[in-house]
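What follows is a single structure, and I will ask about it in a moment.
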Amino acid sequence: MKFLYKTLIISFFTIFFFGCHESNNYDEENIITINVAAESEDTESSNLDERTNIGSNITSSNTPLTLLALGDSYTIGEAVSEDQRWPNQFRIFANENGYNFLNPRIIAETGWKTSDLINAIESSSFEIKYDYVSLLIGVNNQFNSRPVDEFRNDLNKLLIKINNLKTKNGNVLIISIPDWGSSPFGVNFDRNKISNEINIFNNILKSFANINGLKYVDVTEISRRAIYQPALIADDNLHPSGIMYLEWVKKIYNIWID
């Protein structure tokens, strides 16, 4: 069955959140995204395939909905408790508004680049397909100065995998990369450079979402308020706090479901 158009000590935090730094120049003029068309297995369970009106046409229902959240430290919720992670807060918020979500499945780790996420998906087992799949990845590609062409290619690979993990009418959401330069940790770096590079990666993500008919939400503008709203940052002075994640959740809900 085809799915078309799928396409604080500085050294401590640096190792814990990001990874090894490699030099590379980013060229914002070369942002090109490839359409993705992927084919899922013909043997997928019919009871999952035949769900209808899941995604943009979804209505409040008692039918349990499933969520797969893919990403890095921003999805696993580094420096906050499990219940403060954005996928977990999203479930509660959605349930309070009449949508019966099961506990989210999260495949994410601090420090992951796109290539790490691809490897993790390939090594994971999946017993069901998901009604909602989110993707928030790229900050470690930026920090490690990985080539933007590599990022684009990996996004295409990830979409193929996502299309094989979602239900027939499943809904995919691309989430923008937060600006870690706006955190207290970011003061030790060139904030303007960080912001410009984050913008380049996010432009790629937004273009990728538009070309492949995916929903896109910008949480970067929320993260940039952390410069004058310290409550938005967790105790590690780098990652979002539960307060910031709740702001994400409300915006994600309005774009993804409401």
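Enumerate the pairs (first residue in region 102-124 and farther than 13 Å from Leu165 by Cα and among the acidic types (Asp, Glu); second residue anywhere and buried (at least 19 other Cβ atoms within 10 Å of the Cβ) and modelled with pLDDT of 95 or more) with beta-carbon separation below 7 Å, excluding pairs fewer than 6 apart on the same chain, so at least 6 apart or on different chains.
Every condition considered, the pairs that remain are Glu109/Asp72; Glu109/Ile76.
Could you say whether any residue in region 163-177 is surrounded by fewer than 24 Cβ atoms within 10 Å (Cβ to Cβ), modelled with pLDDT of 95 or more and assigned to a helix (DSSP H, G or I)?
Taking every residue of region 163-177 in turn, at least one turns out to be surrounded by fewer than 24 Cβ atoms within 10 Å (Cβ to Cβ), modelled with pLDDT of 95 or more and assigned to a helix (DSSP H, G or I).
Kindly indicate the residue of region 184-208 that is surrounded by fewer than 24 Cβ atoms within 10 Å (Cβ to Cβ) and touching a strand residue (DSSP E or B) at 6+ places or on another chain (Cβ under 7 Å) and also nearest to Asp235 (Cα to Cα) among those meeting that condition.
The qualifying residue nearest to Asp235 (Cα to Cα) is Pro184.
Might you check whether a residue that is assigned to a loop (DSSP other than H, G, I, E, B) and on the phi > 0 side of the Ramachandran plot occurs anywhere in region 89-110?
Step one: filter region 89-110 for residues assigned to a loop (DSSP other than H, G, I, E, B), giving 97-98, 102-104, 109-110.
Going one step further and asking which of them are on the phi > 0 side of the Ramachandran plot, we end up with 98.
Yes: region 89-110 contains one or more residues that are assigned to a loop (DSSP other than H, G, I, E, B) and on the phi > 0 side of the Ramachandran plot.
How about region 178-222: which of its residues are assigned to a loop (DSSP other than H, G, I, E, B) and out of contact with any helix residue (DSSP H, G or I) (no Cβ under 7 Å at 6 or more places or on another chain)?
Matches in region 178-222: Asp190, Gly213, Leu214, Asp218.
Just to check your reading of the model, which residue among Lys113, Lys161, Lys166 is basic (Lys, Arg), closer than 22 Å to Glu82 by Cα and under 17 Å from the mean Cα position of the chain (by Cα)? Please lay out each step first, then the result.
Numbers: Lys161 fails: closer than 22 Å to Glu82 by Cα; Lys166 fails: closer than 22 Å to Glu82 by Cα.
Checking each option against the conditions leaves just Lys113.
Output the residue which, of all residues in region 117-145 that are in contact with a helix residue (DSSP H, G or I) (Cβ under 8 Å, 6 or more places away or on another chain) and among the charged types (D, E, K, R), is surrounded by the most Cβ atoms within 10 Å (Cβ to Cβ).
So the first thing to find is which residues in region 117-145 are in contact with a helix residue (DSSP H, G or I) (Cβ under 8 Å, 6 or more places away or on another chain), and the list is 117-118, 121-122, 128-129, 132-144.
Subsequent filtering for residues that are among the charged types (D, E, K, R) retains 122, 129.
Values: Glu122: 9, Lys129: 20.
So, considering only residues that are in contact with a helix residue (DSSP H, G or I) (Cβ under 8 Å, 6 or more places away or on another chain) and among the charged types (D, E, K, R), the one surrounded by the most Cβ atoms within 10 Å (Cβ to Cβ) is Lys129.
The values are calculated or read from the model by the stated rules, or taken from the named source; none is laboratory data. Source: prediction; values computed, not measured. Neighbour counts are summed over all protein chains in view; Cβ atoms, including those assigned to glycine, are modelled from backbone coordinates with ideal geometry.
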